Amino acid sequence: MILPRLQDAADNAEVKVSARNVNVFYGQTHAIKDVSLDIADKSVTAFIGPSGCGKSTFLRCINRMNDTIEGCRVTGTLLLDGEDIYAPAVDPVQLRARVGMVFQKPNPFPKSIYDNVAYGPRIHGLAAGKAELDAIVEEALRKAALWNEVKDRLDAPGTGLSGGQQQRLCIARAIATQPEVLLMDEPCSALDPIATAQIEELIEELREGFSVVIVTHSMQQAARVSQKTAFFHMGTMVEYDDTTRIFTNPSDQRTQDYITGRFG
Ligand SMILES: Nc1ncnc2c1ncn2[C@@H]1O[C@H](COP(=O)(O)OP(=O)(O)OP(=O)(O)O)[C@@H](O)[C@H]1O
Ligand SMILES: [Mg+2]
């Protein structure tokens, strides 16, 4: 499906995800109001805005996690590489292998460290044998900056790791299937500054190969890691532009008020 380019489209970058006139309802609550934006490939896009403005809701539209929420209804168009994410033929499980997600609270499976990371590659048949699976697990753990801490105890339960380690394990699990898009919903909110710096370094690395979308309450983090920033307010996307512009010279007063700490 070819869509007209938006004014604020990701410049000349290749568009990975396109949203047009997306609305989300939870019963009577109109949580996302007519949001249209293009998310670039091989770059980091930040979603910012006050609590309850709809950042997580919109993020979940991109891998159909809202499907799992009773009473949640999504309208409008969402495309991945020009293909309708909501087409009846799309299997949400397959979609989520291409569009991975990391949540605010680390949620490792009650399995070993190894099996947490191997889970996706196994169900999607990405490894031909044990040696290949071992290599995938190691690479994902290395990328998530966790390998050195766990390489001698891969059989230990994932839930036995510290909070920051669990979050890096969840990131390793998400990237093990080599998703094309990685959605991260406040991935560092439970992490100390060292683990946060490691995750930010990882995000910078990931952007060479993937499209990353990160929700954050930290302006500093958005400014450090992203190239584009979208500011949400009360269910609408107020402004979407280059990150440097959003943080130095936004065009909407509400964005200005938010980034200067006047609300939120
Ligand atoms: N499962 C749900 N059922 C009903 N309403 C929901 C649900 N999840 C979110 N909402 C409502 O949708 C709106 C947007 O919520 P959302 O969680 O997307 O905001 P957010 O920007 O991610 O906030 P925060 O920064 O606090 O995480 C809010 O009014 C919220 O109450
Ligand atoms: Mg949220």
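The values are calculated or read from the model by the stated rules, or taken from the named source; none is laboratory data. Values in this document were obtained by computation on a predicted structure and should not be read as measured data. As a convention, Cβ positions derive from the backbone with ideal geometry for all residues, glycine included, and neighbour counts pool all protein chains shown.
When you go through TYR119, TYR86 one by one, which is the residue that is under 20 Å from SER211 (Cα atoms) and either hydroxyl-bearing (Ser, Thr, Tyr) or in a loop (DSSP other than H, G, I, E, B) (or both)?
TYR86
Considering only segment 239-253, how many residues are surrounded by fewer than 19 Cβ atoms within 10 Å (Cβ to Cβ) and closer than 26 Å to THR29 by Cα?
Of the residues in that region, 2 qualify.
In segment 130-151, what residues are outside any helix (DSSP H, G or I) and modelled with pLDDT under 95?
The answer is ALA144, ALA145, LEU146.
Can you tell me which residue within segment 45-80, out of those that are more than 16 Å from ligand 2 (Cβ to nearest atom), surrounded by 15 or more Cβ atoms within 10 Å (Cβ to Cβ) and of a type outside the set (A, V, I, L, M), is nearest to ALA222 (Cα to Cα)?
This residue is ARG64.
What about GLN167, is it in contact (Cβ under 8 Å) with a residue 12 or more places away in the chain, touching a strand residue (DSSP E or B) at 6+ places or on another chain (Cβ under 8 Å), surrounded by fewer than 18 Cβ atoms within 10 Å (Cβ to Cβ) and closer than 23 Å to LEU59 by Cα?
It is false that GLN167 is in contact (Cβ under 8 Å) with a residue 12 or more places away in the chain, touching a strand residue (DSSP E or B) at 6+ places or on another chain (Cβ under 8 Å), surrounded by fewer than 18 Cβ atoms within 10 Å (Cβ to Cβ) and closer than 23 Å to LEU59 by Cα.
Within the set of pairs 6 or more residues apart or between chains, which connect a residue that is among the aliphatic types (A, V, I, L, M) inside segment 245-258 to a residue that is buried (at least 19 other Cβ atoms within 10 Å of the Cβ) with Cβ atoms less than 7 Å apart?
Cβ pairs passing all conditions: ILE246/THR229; ILE246/PHE231; ILE246/GLU239; ILE246/THR255.
Output the residues belonging to segment 206-246 that are among the aromatic types (Phe, Trp, Tyr), over 13 Å from the mean Cα position of the chain (by Cα) and modelled with pLDDT under 95.
Passing the criteria: none in range.
What about SER56, is it at pLDDT 95 or above, within 30 Å of ARG142 (Cβ to Cβ), within 16 Å of ligand 1 (Cβ to nearest atom) and out of contact with any helix residue (DSSP H, G or I) (no Cβ under 7 Å at 6 or more places or on another chain)?
Yes: the conditions hold for SER56.
Restricting the search to segment 182-202, which residues are surrounded by fewer than 22 Cβ atoms within 10 Å (Cβ to Cβ) and of a type in the set (Val, Ile, Thr)?
ILE194, THR196
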